[in-house]
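The structure under discussion appears below in the form of structure tokens.
The values are calculated or read from the model by the stated rules, or taken from the named source; none is laboratory data. From a predicted model like this one, the values you see are computed outputs, not experimental measurements. Heads up, the Cβs are rebuilt from the backbone with ideal geometry, glycines too, and the neighbour counts pull from every protein chain shown. Ligands, DNA and RNA are excluded from the accessible area calculation, which covers all protein heavy atoms including side chains. Shrake-Rupley method; radii C 1.70, N 1.55, O 1.52, S 1.80 Å.
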Amino acid sequence: MTASRNRFLLLAILVSLPATGCSSAESEPPLRVYCAAVMRKPIEILAEQYKAETGTQIELQFGGSNTLLSQLTIGGSGDLYLAADQSYIDRAQANDLTDQVIPIAQITPVVIAAKCKGLKIDSVEALTRGDLRIALADPDAAAIGRITKSALQKCGKWDQIAGQVQSIGVIKPTVGDVAGAVSLGSADVGIVWDTVGMQREDLQVFRLAELDDWNSTISVAVLKSSGHPARSLDFAEYLAHSPAALRQYSQLHFQTLAEADVETAHE
């Protein structure tokens, strides 16, 4: 009788407990991800897919790689950092912000113009035509801006093009803003990452010899400030290696590192 009565009391207690309706993952704080603007489209999609699969919520903050790194350095919080160039990852490691880094894909700077304009850009020299309104990303904010400046300095055209931008062009904070300026007609041409130009049907992409050697590697870093390092690493691995992520990158014209290795082997 005593055992039966105890089982009855335990059942009554369990039935009376309120149902939360949430999984353990859903009840945990979201992962905060600082993400370079070039990765906005795939990461927004993958964050939703990851949430559907695991219940983990992802809080995304987009911006230029350098802008985000400055925020991380000053604020000292966050779980993951996606940068559009290895130099920012190196700085994050030098500042003791991370020691876990996973490469994802390679991107290359290109020139873009609206298809409706019928422009033909076959060299950096063609950009120095005095009447072209050029949009560039801020070298102090975005990876594409820093790479653009370095590439144009190497071929001796930075001062001339920077002066032309200051006169009739525009400086934007992110690569997406540069593409938007060209698409909307407030600039005639711009320099962006190849994947950004290829994602827009209204834009024409020009690959130039002076820019082709300036590939950048996109990487994701797990931050030491993360209060959820295991979950952060799992999401980082998902972004780098999952079939869902690789499909998404392919659809959006990112060159994964596996594809880059194959192309290098065939050269």
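Brief remarks follow.
- Any hit, the range 162-175, residues being under 20 Å from the mean Cα position of the chain (by Cα) and under 24 Å from T256 (Cα atoms): yes
- Residue list for the range 165-185, restricted to those being polar (S, T, N, Q) and out of contact with any helix residue (DSSP H, G or I) (no Cβ under 7 Å at 6 or more places or on another chain): Q166, S167, S183
- Residue list for the range 69-82, restricted to those being out of contact with any Gly (no Cβ under 9 Å at 6 or more places or on another chain) and buried (at least 17 other Cβ atoms within 10 Å of the Cβ): L69, G78, L80, Y81, L82
- Answer residue from the range 248-267, given it is of a type in the set (S, T, N, Q) and open to solvent by 80 Å² or more (accessible area, probe 1.4 Å) and is modelled with the lowest pLDDT among those: T264
- Long-range neighbours under 6 Å by Cβ, at least six apart or interchain, first residue farther than 12 Å from I191 by Cα and open to solvent by 30 Å² or more (accessible area, probe 1.4 Å) within the range 164-178, second outside any strand (DSSP E or B) and modelled with pLDDT of 95 or more: I168/R133; P173/G64; P173/D138; P173/A141
- Of all residues in the range 213-250, those satisfying the criterion of being farther than 15 Å from Q100 by Cα and not in a helix (DSSP H, G or I) are D213, W214, N215, S216, T217, S242.
- The one condition in (1) at negative phi; (2) surrounded by fewer than 24 Cβ atoms within 10 Å (Cβ to Cβ) that G185 fails to fulfil: (1)
- When each of D96, D85, D90 is tested for being under 29 Å from V178 (Cα atoms), open to solvent by 70 Å² or more (accessible area, probe 1.4 Å) and acidic (D, E), the lone residue that passes is D90.
- Single residue of I112, I144, I121, I161 found to be open to solvent by less than 60 Å² (accessible area, probe 1.4 Å), within 23 Å of A221 (Cβ to Cβ) and touching a helix residue (DSSP H, G or I) at 6+ places or on another chain (Cβ under 9 Å): I144
- Which listed residue is over 19 Å from P229 (Cβ atoms) and among the β-branched types (V, I, T), from I89, I58, I74: I74
- Test result for D96, under 24 Å from T195 (Cβ atoms), out of contact with any His (no Cβ under 7 Å at 6 or more places or on another chain) and not hydroxyl-bearing (S, T, Y): no
- Residue pairs whose Cβ atoms lie under 7 Å apart, separated by 6 or more positions or on different chains, with the first residue in the range 237-249 and free of Cβ contacts under 8 Å to residues at least 24 places away in the same chain and the second surrounded by 15 or more Cβ atoms within 10 Å (Cβ to Cβ), are L246/T256.
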